[in-house]
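Q: Before I ask anything, let me first share the structure, which is written out below as structure tokens.
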């Protein structure tokens with residue numbers, strides 16, 4: 001099935017759904033649209049080194065240990 005045909009079929013089916021089922025369909029489509037982002041987030045959270053690095057970065061920000069990107073770019 002081509003993308004165009006699949007989109008047309010999905011639109012037709014969505015237009016035929018009752019309100020309650022439409023809400024479920026929208027929730028599922030939202031899940032599909034954001035699944036990769038959540039998978040990446042979970043991957044980061046399961047990596048102790050990455051979590052430690054993020055926390056270190058947050059502490060650096062809180063203590064004023066940062067540089068503006070414009071300043072860094074000029075030095076490179």
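Just so you know, all these numbers are worked out from the coordinates, no wet-lab data involved. Just so it is clear, the model here is predicted, and its values are computed rather than measured.
Q: Quick one: angle between helix 3-16 and the longest Cα principal axis of the chain, in degrees between 0 and 90, rounded to 10, please.
A: Orientation of helix 3-16: about 70 degrees from the principal axis.
Q: Computed from the coordinates I sent, Kirkwood radius over Cα pairs in Å equals one of (1) 14.0; (2) 17.0; (3) 12.6. Tell me the label.
A: So the calculated entry is the one marked (2).
Q: Right, here's the next one. Suppose only helical runs count, i.e. DSSP H with n ≥ 4. What mean residue ellipticity at 222 nm does that imply for the chain under -39500 (n - 2.57) per run, divided by all residues and rounded to the nearest 500 deg cm²/dmol?
A: -27500 deg cm²/dmol
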